[in-house]
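Enquirer: Submitted below is the structure of interest, expressed as structure tokens.
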Amino acid sequence: MKSLRAYRIGGQVIALATVAAGIAVVAATSQINVSPVYAAAGPQLFPYLIGGATILIGLIAMVEAFRGTLAPDGELELDLLPAGIMAGGLLLQIFTIEPLGWVPSTTALFMAGAMAFGKRNLLLDFVVGLTLSITTLLVFDRWLGLRLPFGNLFFG
Amino acid sequence: MDTFASLLHGFAIALTPYNLMWASVGVIMGTAIGVLPGIGPALTVALLLPVTFQLDPTSAFIMFAGIYYGAVYGGSTTAILLNTPGESASIVTALDGHAMARTGRAGAALATAAIGSFVAGTIGTLALTFVAPFMVKVALRFGPAEYFALMVLALVTVTAVLGSSLIRGLISLMAGLMLGLVGIDIQTGQTRFTFGVPELLDGIDIVVVAVGLFAVGETIYVATRARYETEELYKIRGSLWMTPVEWARSWKPWLRGAFIGFPLGALPAGGSEIPTFLSYLTEKRLAKNPEEFGKGAIEGVAGPEAANNASAAGVLAPMLALGLPTSATAAVMLAALQQYGLQPGPQLFQNNPELVWGMIASLYIGNVMLLVLNLPLVGIWVKLLSIPRPWLYAGILVFASLGTYTLNNNVVDLVILWVIGLAGFGMRVYEIPVAPCIVALILGPMAEQHFRRALMIAQGDPSVFFTHPLSAAILAIAALLLFVPMVLRLRQRQKMAVA
């Protein structure tokens, strides 16, 4: 559950992140080597403009964030655990998709997604997830010709 | 007439059994995915992109046409039955449409949406047929300065005209512009912001961003709200047809909606919220019983649905004729076309007319298919919506990762998806709009190219944007759109502070 104050802080973080991003862009741009031929309208122009504008907008956002107008109106109740579960499931897939292949990693992702909504019937989720990943493998890899990974550990 | 000849040629291409099959696949898949809650047309096109990779460009375009119209239609089904509009354009439909569902008239709501979509879609596609070539003629006189000004206008309208606050839109815009900077600078071959990661040389794929922001972000958000929001799915009771009275009340809103929708969709006005809201207000003003609105007035569904479909056709006009996307969906479609090495715009009309006209012809065909297929298939869509939420959203995540991974077959895209998905969740919580980011991602680099080209032609003289009358005029409009609301709001705040 989030309190109004937590939202305000979140808003300030967003504004701060915006300013930081702008500064990062400007800093990274200065590292780009430019040959003098393109000095007028070279690869640095737009990044500088965009970075500068972002800093400006971030500063305005900070003003609004401190005033409290950047946070969502009213009480927005969020249960953050499901977000964590889903993020975890996606991460798991990132690490396992190439070593283990499409079917196991996607089945795990499906189960994580279902778990995030509070369902506790893991076996059923597993079966449905497995069916879905195998079906998508057949349809998209075999029939439509896209290449889904089979698992380097097994077939590598 | 030139246009008719081209259109007939387009029909000849679109009416082959092979292409007809792909058109129907597009319509069905587009509707099926568009029906899923929280998935709007932009995401539907993005998710179904991998399916089109195996096709040649003509058939792929044709399938896109089917997906596009199908997704727009699917979203209204969800809005009526589930009260969770899949996209902002369906919000208005949900108002009276869901009210009708609650009183047992879901069938009539769906029917008026379907038929209205057909009528408006046909009118809109007809208008597109004539407006697009006209735009091409005008655009042939455009130089890079004018294109740049037009893109600035599109970016400003997508940011400033919608959404609750300008600053949120601007944050989204800047995020998109920054993401667009990643990759190789075309004019100098210089790599920018790739941080040594070779997969970033091609830039950040708009599909990954669209899927991340829309699918992953939305799914995470729904999961965090799951405890607090329950769904109410209304089964369809009663017939799927409309009574004569309902027909009589619907046909004028259909026409009015179409004529409101197309022009607003064609202008760089940032998508379909404005036409649908405008149509709703218009119908309310003109109705004999305005009190019914909000409780199930059929005009409140007929008009906005027609406006939605007509504006969907309208959005295609600048996209195809100028290569200028004015909505997130158009941006994704533009990216998809670019992946085939094709750049929509006047050159495409001149060099590959069969592609463009084949697509436009398919829009007519897709429209008919939607009407014919969807009313009987409505039962299946309802079944789709009855899938338990956990599985539905878990399935969305699966398709999101499928679509993302198969773009380039590398895990880096999934990592980007993850990061952007979390950002999308944050944006959803803080009501930061997503469309400016997506449109900026694709327009930013394009605008930069035109800007630098214009400068080079003018030999470094930046006043070129203001000495060209058209460019100056467009930039002036953009500036007005940006600053006038700000000034008005400041004045309001001052008045309230004094009072």
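Enquirer: Take the alpha carbon atoms of the range A:84-138, find their center, do the same for the range B:150-190, and report the distance between the two centers in whole angstrom.
Expert: 35
Enquirer: Leaving out ligands, DNA and RNA, what percent of the accessible area of the range A:80-155 is carbon and sulfur, probe 1.4 Å?
Expert: On the way: 2830 of 3750 Å².
That share works out to 76 percent.
Enquirer: Out of every Cα pair in the range B:340-455, what percent are spaced more than 19 Å from each other? Kindly include the intermediate steps, with their values, before the conclusion.
Expert: Working: 4911 of 6670 pairs.
Value for the range B:340-455: 74 percent of Cα pairs lie more than 19 Å apart.
Enquirer: Grab the protein assembly as shown and count how many Lys pairs have their alpha-carbon atoms under 27 Å apart, sequence gap of 8 or more, or different chains.
Expert: 10
Enquirer: Under the definition of Cα pairs under 8 Å and six or more residues apart, what whole-number percent is the relative contact order of the range B:15-172?
Expert: Normalised by residue count, the contact order of the range B:15-172 is 18 percent.
Enquirer: Okay, next question. Using a 1.4 angstrom probe with every protein chain in place, what is the largest-first accessible-area order of B:468, B:98? Intermediate results must be reported in sequence, preceding the final value.
Expert: On the way: B:468 70, B:98 0 Å².
Reading off the accessible areas and sorting them downward yields B:468, B:98.
Enquirer: Once amide H atoms are placed 1.01 Å from N in the peptide plane, what residues at a sequence separation of 5 or more from residue B:192, or on another chain, have their amide H within under 5 Å of its amide H?
Expert: HN-HN under 5 Å from residue B:192: B:183, B:184, B:185.
Enquirer: If you don't mind, there's one more thing I want to ask. What's the ranking of B:483-496, A:81-94, B:101-114 by average number of surrounding C-beta atoms within 10 Å, highest first?
Expert: B:101-114, A:81-94, B:483-496
Enquirer: Now for a separate question. Give the residue from B:344, A:30, B:33 lying farthest towards the positive end of the charge dipole for the protein assembly as shown; charges sit on Cβ (+1 for Lys and Arg, -1 for Asp and Glu) and the dipole is referred to the Cα centre.
Expert: Comparing the listed Cα positions along the dipole, B:33 ranks first.
Enquirer: Obtain the radius of gyration and the Kirkwood radius of the range A:4-67 from its C-alpha atoms and give Rg over Rh.
Expert: In the range A:4-67, Rg relative to Rh is 1.19.
Enquirer: Here is a follow-up. At 0.36 nm per residue, minus the direct Cα-Cα distance, what do residue B:456 and residue B:350 gain on full extension? Give it in nm, one decimal, please.
Expert: Length difference between fully extended and current span is 35.6 nm.
Enquirer: Hey, what do the phi angles of the range B:32-37 turn into as Karplus ³J(HN,Hα) couplings, whole Hz, using 6.51/-1.76/1.60 and θ = phi - 60°, x for Gly and Pro?
Expert: Each residue of the range B:32-37 in turn: 4, 7, x, 5, 4, x Hz.
Enquirer: I need the fraction of alpha carbon pairs in the range B:363-431 separated by more than 16 Å, rounded to a whole percent.
Expert: Cα-Cα pairs in the range B:363-431 separated by more than 16 Å: 68 percent.
Enquirer: Tell me the accessible surface of residue B:277 in square angstrom (1.4 angstrom probe, heavy atoms of protein chains only), to the nearest ten.
Expert: 100
Enquirer: Moving on. For the residue pair residue A:150 and residue B:241, what label-to-label distance in nm results when each label sits 7 Å from Cα along the Cα-to-beta-carbon direction?
Expert: Roughly 5.5 nm, to one decimal.
Enquirer: If you don't mind, there's one more thing I want to ask. Rounded to a whole number of µm²/s, how large is the Stokes-Einstein D of the range B:1-160 at 20 °C and 1.002 mPa s, given Rh as the Kirkwood radius over C-alpha pairs? Before the final figure, lay out each step's value.
Expert: Details: Rh = 17.7 Å.
The diffusion coefficient I find is 121 µm²/s.
Enquirer: With θ set to phi - 60° and the Karplus curve 6.51 cos²θ - 1.76 cosθ + 1.60, what are the ³J(HN,Hα) couplings of the range B:332-340 in order, to the nearest whole Hz, using x for Gly and Pro?
Expert: Using θ = phi - 60°, the values come out as 5, 5, 4, 4, 4, 5, 5, 5, 7 Hz.
Enquirer: Points 7 angstrom from Cα along the Cβ direction at residue B:463 and residue B:410: gap in nanometres?
Expert: 4.7
Enquirer: Another question, then. Rg and Dmax of the protein assembly as shown, Cα atoms, in Å?
Expert: Rg and Dmax of the protein assembly as shown, Cα atoms, are 24.1, 75 Å.
Enquirer: Let me ask you something else. Between chains B and A, what is the buried accessible area in Å², counting both sides, with a 1.4 Å probe and ligands, DNA and RNA left out, to the nearest 100?
Expert: About 5900 Å² of accessible surface is lost on pairing.
Enquirer: Follow-up. Counting only C-alpha contacts under 8 Å and six or more residues apart, can you give the relative contact order of the range A:4-67 as a whole percent?
Expert: Computed value for the range A:4-67: 53 percent relative contact order.
Enquirer: How much of residue A:138 can a 1.4 Å solvent probe reach, expressed as accessible area in Å² and rounded to 10?
Expert: Ignoring ligands and nucleic acids, residue A:138 comes out at about 90 Å².
Enquirer: Restricting to Cα pairs below 8 Å that are 6+ residues apart, what does the relative contact order work out to for chain B? Please round to a whole percent.
Expert: Result for chain B is 28 percent.
Enquirer: Hey, another quick one. At 1.4 Å probe radius, can you tell me the per residue accessible area of the range B:33-91 in Å²?
Expert: Details: 840 Å² over 59 residues.
Per residue, the range B:33-91 has 14 Å² of solvent-accessible surface.
Enquirer: So how much slack lies between residue B:483 and residue B:291, counting 0.36 nm per residue of separation and subtracting their Cα-Cα distance, in nm?
Expert: Once the chain is fully extended between residue B:483 and residue B:291, it gains 65.5 nm.
Enquirer: Give the calculated FRET efficiency between residue B:493 and residue B:3 to the nearest 0.05, with a Förster radius of 51 Å applied to their Cβ-Cβ distance.
Expert: 0.50
Enquirer: Also, I was wondering about something else. Could you give the semi-axes, largest first, of the ellipsoid that matches the range B:303-396, computed as the square roots of 5 times the alpha carbon gyration tensor eigenvalues and rounded to whole Å? Could you put the intermediate results ahead of the total?
Expert: Working: eigenvalues 186, 62, 35 Å².
Semi-axes from the Cα gyration tensor: 30, 18, 13 Å.
Enquirer: If you don't mind, there's one more thing I want to ask. Rounded to a whole number of µm²/s, how large is the Stokes-Einstein D of the range B:399-499 at 10 °C and 1.306 mPa s, given Rh as the Kirkwood radius over C-alpha pairs? Spell out each step's value before the answer.
Expert: Values: Rh = 18.0 Å.
Translational D for this selection: 88 µm²/s.
Enquirer: What is the percent of Cα-Cα separations in the range B:2-498 that go past 40 Å?
Expert: 17
Enquirer: How many partner chain Cβ atoms sit within 10 Å of a residue's Cβ in peptide B:177-187, on average, as a whole number? Show your work: numbers first, answer last.
Expert: Values: counts 8, 10, 0, 2, 8, 0, 0, 1, 7, 1, 4.
Taking the mean over all residues of the peptide, I get 4.
Enquirer: Per residue, what volume in Å³ does the Cα convex hull of the range A:80-155 take up? Numbers along the way, then the final one.
Expert: Values: hull volume 6.2 nm³, N = 76.
Roughly 82 Å³ of hull volume per residue.
Enquirer: Taking the simple approach of a point 7 Å from Cα along Cα-to-Cβ for both residue B:53 and residue A:67, what is their distance in nm?
Expert: Output for this residue pair reads 4.7 nm.
Enquirer: In what order, largest first, do B:453, B:225, B:249, B:285 sit by accessible area if the probe radius is 1.4 Å?
Expert: B:285, B:453, B:249, B:225
Enquirer: Let me ask another. Given the Cα-Cα distance of residue A:56 and residue A:130 and 0.36 nm per residue of separation, how much length would full extension add, in nm?
Expert: Working: separation 74, 0.36 × 74 = 26.64 nm, distance 4.92 nm.
Length gained, residue A:56 through residue A:130: 21.7 nm.
Enquirer: Report the accessible area of residue B:448, computed with a 1.4 Å probe over the heavy atoms of all protein chains in place, in Å² rounded to the nearest 10.
Expert: About 10 Å², rounded to the nearest 10.
The values are calculated or read from the model by the stated rules, or taken from the named source; none is laboratory data. All values reported here derive from a predicted model rather than from experimental measurement. Because the Cβ atoms are built from the backbone with ideal geometry, glycine has one as well, and the counts that use them run over all protein chains shown. The accessibility values were calculated without ligands, DNA or RNA, using every heavy atom of the protein model including side chains. Shrake-Rupley method; radii C 1.70, N 1.55, O 1.52, S 1.80 Å.
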